[in-house]
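Student: A single structure is presented below for examination.
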Amino acid sequence: MFHPIIVPPIGYDRDGYDRSGFDRYGYDRDGFNAVGFNVTGYNRTGHYDGLGVFGKRGDIDKPGVNCEGYSQRGLDYNGRVAGFKYTCTQRTREECEDLERRSNGRIDVISFAAAKQCDEVQCHDTCGCRFTGKLYRFGERFTLDCMQCVCTLAGTVECHCETPTHRKEIRDLSRDEWTEFHAAVKRLAKDGYASQWHMFSQQQSAYSPHSHGSSAFLPWHRFFLRAVELELQMGGHCEVAIPYFDWTVDVGALNTSQAWQANALGGNGQGADGCVRYHPFQDYNTPWMPCLHRQFNTSVSLPDAVDIQLLLREEDYETFREKLEVASGLFHMWVGGNMLTSHPAYDPVFLAHFAYIDQLWDEWQSRHPDSLLHFPPEQRYVPMEPFGVTADDVWRNTDQLCVKYVTITEGVPCNITLPNYGFDSDGYDLHGFDKGGYDRDGFNRTGYNKEGAFDDRGIYDVFGYDREGYSRAGFDSSGFDRYGFYNDSYNRDGFNASGYDRFGYNRYGFNTSDITPFGYHRNGSYVYGTREDGLGIFDKFGYNRFNYSKLGYNQQGYDAFGFNIWGLDHVGCNYYYLGPFYVLHKYWADVQLANLTEEKLKTIHRICDPVSQLPIWWHTCKRLPGDDDGSKFKQCFEDWERKHGLDGKYNGPKDPVTSDKIYVPVPPEDRLCYELQLHSGCPLGEPPITCVKDECAGQTCAGFPDAVCRVYGCGDTCEPRWYDGETGQWVQCKQCTDKDGRLRIEGDRWRISTCEYCFCQNHVVTCQEIDCPPVTCTHPVTPERACCPQCRECLYFGEVYTEGSENGNVTCEDVKCPAVDCSHPATPKDSCCPRCRGCFFEGRRYRNGHVWPADECRKCVCRHGDVKCSTKSCPPLYCATKPQKKPGECCAVCPKDLVTSQDCVYEGRDYKQGDFFQSLQFLLQ
């Protein structure tokens, strides 16, 4: 039986309107839909009556929306998505898949209900919003325990919260947080087959065709997780959150993960039925029904953190989703049991696993701010059944779903009261036994007291386990106790409760006799016959090539795990002082990996078995379209192997004592599946190499004479590197020889002339002229023995000034002169202000009493700054022709009066004295 979605054909003109004149939201050019109402519910006459009252299925209200929230045009109230037609038919699963393939995308199989008739399942839309198993009316507001929600007119539920739900990695959960999560799952599963837990399992199974093998894989499971989480929080338990299980932390030893402890997610199945006998989601007297099945398949190899980092660099959503779905499938294969059936969500580990898948998607979204543009646009607004929400509704975890992920190691408190793994004040160890091997009631690990009587307290069942799944000796079925120690007495870091590793050394390199591998005793002495100066492993500052002293601390006072003598790290926290250290290594490595380029990531080789391939039957089971032969998944494995291949020559550290007798803890490379290069001095992405010669031989450090030289052989670089012996920090010691034979250190600068300098860089001396910066003042000065002009003084008309100037800018002010009572005062040459002792008239100075002609007709006189001028009066003229002025005279005269005694008149013409001329008679001959 299937529920196909039939998508109506779409065709629009260049303006966005179809042949009927409606746009893709179902509105015409005036903003009204096919039945005459706009998006606010008003028609052209202004009539409005809200949503109206719905009658039989299919009726529409005045705004033109039916009870399912779709208009006659097939669009929701916001005009975002098309309505779909749901039908039910009796077919086999193979027939359903074949129908979907042949439909060319016009039919989508939404769910498959085995062994049921069509009238037994819901195969139609609901009128309103279905959320957390309940149906809400359009516009209805309701309160969940931790959020305020509303059923929108688009048929989706929008919720708001004051504080987001913080999902932590499983190793960061406190004991109280684990207890709250266990109790919440118990509440949902308390009624067996009729429980809410079983309903969620059935829901995930029924809609698996819709939620796998398509772009909906990630958004569907994101909302499913939140729906389950909201049910877990019911009853005011807002602090409950689904933890995420980052299985790359243990990918090389997944069967020993903390996740499988009896007080976490429970362990592997046991016996012929494969049931998990002891897990924290069942009550002692009410077993999980049906039982929880698991069957670990340790032959399956999962991607490691490097593979995941390469995956997060994928730009295309579909490529990212397909590879992530492959990784998810491999985890299902590894866990087995319920996780391999059609009802994987019955196992609580499903939630923790898909929370990790969602966390990776969340990380991918943060790295690709335009990620929404890479999502298939034709699927963005398609409702995901049975929730009715779209991918667009769940795209932002924090803003839309009130969910936030906490980075591993950042979800723990800073400081705690450190547990006592030794004997307490009453003489009992962490498992409750005294040194004689008896508990507080006098029973030993086999259940007998000193008198030989068997334990009848009723604490342990017939298999010897208590209500929490721990044996009399204190270990669960996976072999670990409540504190993470295995039954061989060592924890996942390889240390026992006394702080010694499997080789007998503590974190500082001392054995149980307080002696280091090189013979140093904690009391400050050496074993007989050993001299420190003969060891050759410490520099003159007392530190070895790993920068640790004889006591196991570096120059900053921190041990190999980053804690000082008081048990505090560099930010003053003690939470991880006793471990687990491999979690810290995972965090430090992730920080480096996230900042590497893809090419650098490819240099990091895998040291575990290659990533396994999913079997063909998995493709069929998860109905992956277009991948019947598994070609897409095969490409994923080939990409992983090509980009992060197996290092067949890996021979990493197995012994914490080096050949020169230095102790360094063995890094958790086998657990993480790649080489950490932890004590090599090389960053990830630059693998250690062997340098053919001693690069430090004969080298000196001019700038730091006390610096310590060590050979740096990483990536493709072999060179000497210098360390400050007191701080352990690198110092620059590249040096050059100048033309005078002087030794110059790297970065040194010196001047060889007024306007030329040299500097030492990469063993090379480079000289160049000084490039003077532009000045911002008007009158700069170039100081003596300087090259560039400066704005500290002023050069003005050949003189250098300092008084009254600022930054080389000449500033002048007008002198305030007293007022004068004359009309034409004059300013003396040695003065700024005008005075009434002379006159200044028409651009010239005149002394007092001076008389001068201003022009032909005026005479002026200067009297105490005032100028008095008089004008000559001319007599009237009565000339036969136009009067004329004689040069230098004021008054005009008649032309006949212009002849003077020195001029001549000849043959009717006037001639000036000294003129030469010829007679007109001569010219006419």
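Student: Once each part is reduced to its C-alpha centroid, what is the distance from the range 737-776 to the range 535-563 in angstrom?
Tutor: 39 Å
Student: Shifting gears a bit: Over the Cα atoms of the range 483-570, what Rg and Dmax result, in angstrom?
Tutor: In Å, with Rg to one decimal and Dmax whole: 14.4, 44.
Student: Per residue, how much accessible area does the range 450-550 have with a 1.4 Å probe, in Å²?
Tutor: Numbers: 5490 Å² over 101 residues.
About 54 Å² of surface per residue is accessible.
Student: Now a separate question. Give, as ranges by residue number, the residues of the range 571-585 whose backbone N falls under 17 Å from the point 7 Å along Cα→Cβ of Ser174.
Tutor: It comes to 573-577, nothing else.
Student: For the range 394-449 and the range 481-529, compute the distance between their C-alpha centroids and round to whole Å.
Tutor: One Cα centre to the other: 22 Å.
Student: Let me ask something else. Could you estimate the translational diffusion coefficient of the range 301-443 from the Stokes-Einstein equation, with Rh from the Kirkwood formula over C-alpha pairs, at 10 °C and 1.306 mPa s, in whole µm²/s?
Tutor: 83 µm²/s
Student: Show me the ranking of peptides 575-586, 547-558 by mean Cβ neighbours inside 10 Å, starting with the highest. Write down the numbers at each step before the final one.
Tutor: Details: 575-586: 20.1, 547-558: 17.9.
The densest-packed peptide leads the list: 575-586, 547-558.
Student: In the range 139-168, what GluC sites (Glu not before Pro) fall in a loop by DSSP, with at most 14 other Cβ atoms inside 10 Å? Don't jump to the answer; show the numbers that get you there.
Tutor: On the way: sites: Glu140, Glu158, Glu162; in loops: Glu140, Glu162.
Filter output for the range 139-168: Glu140, Glu162.
Student: Gain in length, Thr737 to Val571, computed as 0.36 nm per residue apart minus the alpha-carbon separation, to one decimal in nm? Kindly include the intermediate steps, with their values, before the conclusion.
Tutor: Details: separation 166, 0.36 × 166 = 59.76 nm, distance 4.36 nm.
Length difference between fully extended and current span is 55.4 nm.
Student: With label points built 7 Å along Cα→Cβ from the Cα atoms of Trp750 and Tyr587, find their separation and express it in nm.
Tutor: 4.9 nm
Student: Given a Förster distance of 45 angstrom, what is the FRET efficiency for Asp647 paired with Tyr483, based on the Cβ-Cβ distance and rounded to 0.05? Show your work: numbers first, answer last.
Tutor: Values: r = 34 Å, r/R0 = 0.76.
Plugging the Cβ-Cβ distance into 1/(1 + (r/R0)^6) gives 0.85.
Student: From the mean inverse distance of alpha carbon pairs (Kirkwood) and the Cα radius of gyration, derive Rg over Rh for the range 682-749. Before the final figure, lay out each step's value.
Tutor: Details: Rg = 13.4 Å, Rh = 13.1 Å.
Expressed as Rg/Rh, it is 1.02.
Student: Along the Cα→Cβ direction, 7 angstrom out, place labels at Arg467 and Asp716. What is the inter-label distance in nm?
Tutor: 6.6 nm
Student: Mind scanning Lys323/Lys404; Lys859/Lys885; Lys323/Lys602; Lys602/Lys649; Lys859/Lys886; Lys859/Lys882 and naming the pairs with a C-alpha gap bigger than 21 Å?
Tutor: Details: Lys323/Lys404 23 Å; Lys859/Lys885 19 Å; Lys323/Lys602 17 Å; Lys602/Lys649 16 Å; Lys859/Lys886 19 Å; Lys859/Lys882 27 Å.
Pairs exceeding 21 Å: Lys323/Lys404; Lys859/Lys882.
Student: Where does each of 832-842, 771-781 land if you order them by average Cβ count within 10 Å, highest first?
Tutor: Values: 832-842: 16.5, 771-781: 13.6.
Taking the mean over residues of other Cβ atoms within 10 Å, the ranking is 832-842, 771-781.
Student: Sort 335-346, 291-302 for me by packing, meaning the mean count of neighbouring Cβ atoms within 10 Å per residue, highest on top. Walk me through the numbers on the way to the answer.
Tutor: Working: 335-346: 20.8, 291-302: 17.9.
Output ranking for 335-346, 291-302: 335-346, 291-302.
Student: Based on alpha-carbon centroids, what's the gap between the range 866-890 and the range 248-311 in Å, whole number please?
Tutor: Taking the Cα centre of each part, the range 866-890 and the range 248-311 sit 129 Å apart.
Student: Using modelled amide H (1.01 Å from N, peptide plane; none on Pro or chain starts), what sits under 5 Å from the amide H of Glu158, excluding residues fewer than 5 places away?
Tutor: Those qualifying (amide H under 5 Å, at least 5 residues apart or on another chain) are Val150, Thr152.
The values are calculated or read from the model by the stated rules, or taken from the named source; none is laboratory data. It should be emphasised that the depicted structure is a prediction, and the values quoted were computed from it without experimental measurement. Note that we place each Cβ from the backbone using ideal geometry, even for glycine, and neighbour counts take in every protein chain shown. For accessibility, only protein heavy atoms count, side chains too; no ligands or nucleic acids. Shrake-Rupley method; radii C 1.70, N 1.55, O 1.52, S 1.80 Å.
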